[in-house]
1. For the stretch 291-331, with all protein chains present and a 1.4 Å probe, just round the carbon and sulfur fraction of the accessible area to a whole percent.
2. In nm, what is the difference between 0.36 nm times the number of residues separating residue 388 and residue 130 and their Cα-Cα distance?
3. With r as the distance between the Cβ atoms of residue 164 and residue 62 and R0 = 35 Å, compute the FRET efficiency 1/(1 + (r/R0)^6) and round to 0.05.
4. Using packing as a proxy for protection, rank 111-123, 63-75 so that the peptide with the highest average count of other Cβ atoms within 10 Å comes first.
5. At 0.36 nm per residue, minus the direct Cα-Cα distance, what do residue 42 and residue 297 gain on full extension? Give it in nm, one decimal, please.
6. At 7 Å along Cα-to-Cβ for each site, give me the label-to-label distance between residue 331 and residue 284 in nm.
7. Provide the solvent-accessible area of residue 97, counting protein heavy atoms only and rolling a 1.4 Å probe, rounded to the nearest 10 Å².
8. What is the percent carbon and sulfur in the accessible area of the stretch 4-103, measuring with a 1.4 Å probe over the protein chains and ignoring ligands?
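The values are calculated or read from the model by the stated rules, or taken from the named source; none is laboratory data. Since this is a predicted model, take the numbers as computed values, not measurements. With ideal geometry, Cβ positions are generated from the backbone for all residues, glycine too; neighbour counts draw on all protein chains shown. Areas reflect the complete protein model, heavy atoms only, side chains present, ligands, DNA and RNA absent. Shrake-Rupley method; radii C 1.70, N 1.55, O 1.52, S 1.80 Å.
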Amino acid sequence: MEAKWRKSNMLIEFSATNYASIKNKITLSAETGAHLSRLRKTNTLEENNVSLLKSLLIFGPNGSGKSNLLDGLSLMKNLVLRNLPTVVEQLNGLPFMLNVENRNRPISFEVKFNYLEHTYSYAIEFYQNEIFSEKLSVFEKEKENIYFLRGKEVEEIIPESLADTRRATKSNTLLLFNAQAVNDSVSTEVFKWFAEDLIFVNETQPSSELVKLIQNPEIKKELLNFLKFADFNITDVNAINVKIPEAPEQIKKILEAIGSDAKFPAEGLQLYTSHKVYDDSGEVVRTENFPLNMESKGTQKIFLIALSIINAQISGNGKTLLFDEFDDSLHFELSKALVKLFNSETNLNQFILTTHELQLLDQNLRTDQIYLMDKDFQGESNLKSIFDFKDSRDSARYDVGFMKKYIAGRFGAVPQIDEEKMLAAIRIKGED
């Protein structure tokens, strides 16, 4: 189902400092590289006079910190959307713990994005028990205009309309949240972007919002066609109301003890797939329905991905969708087809993926779309773009085998594995 319109709501860049395995500031940028014209028509689009990439792929070995980068942006979103009710509650997030000085420094996140006709930048620094600084800016062309700035070691800039709201903001609470609560127009747009346009697709099952989409016949038809062309042997899919088991008594007692009035729903929508059942002669004898959670992990994941894409389309496009371990449980041919879809001329959304599938390096990607994550001997994660390597920029017009260069160590980010010693270590342990 193609939307007839598109919002300008995509991510421009995200930076993280002193979070998890990230010590020094790293930046993931979705802006196109300078003087790079390859695949411009399919892999890029324009928003608010900014040329942006439709997809970014982050490669790296296990433990390199790829997930930490996306987790940082997810944590920032949660901090924005969740207002702590009391001043004694803790903020989530651990700093880089492998350096004694960093343990006592604040975690820093900064994001720049488009929302309709505006471009915003929003940055926070925080400890576990307080917000150290918070800044919201609006860009006019390339000029940054600070809308508000609060912090312990800065001269604060607060609009007159938010003076009372600033005084009422607790030390562990974001001014952005309180400002949108009093209907401040600038803060509301930023809040809406985090809530509606920054989408993490990491659940194991589609949310109730996505399941409801199946009740629309047109969307159901689109999903079934998608599954058919993806070579899934599913003849039908339905959203069925099923009874939800009661919560265990122990959980109920805990909720009563803390005075919670939370109610558990008695029923809810669940996705069911339909399959043909055959006899020994190969004749179809009936169709049988199965709950989606009985399907393979790959099938469950493709449902989640497909419904997320469809939902973004019908919501006006312009969304930023993030997938951690994108290729997990997916066949390479399917992963390749999805990346081709993300970079198609008709796609009007943005996709950010972490992946181990090195063959995707050579699937019609621009050099500025490829990021590499690795970790040094001090446990610090580093992020690099292939675009930053001069030989890759010089050869960007040609059919370059990035996978071969990556494996050869030209870009780093390759795990250094001593197979013989690794196997010997297992043998020694087994003999003890």
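1. Answer for the stretch 291-331: carbon and sulfur cover 47 percent of the accessible area.
2. Additional length available on full extension: 89.2 nm.
3. 0.10
4. Going by the mean number of other Cβ atoms within 10 Å, highest first, we get 63-75, 111-123.
5. Roughly 88.8 nm would be gained on extension.
6. If labels sit at residue 331 and residue 284, their model points lie 2.0 nm apart.
7. 80 Å²
8. 49 percent
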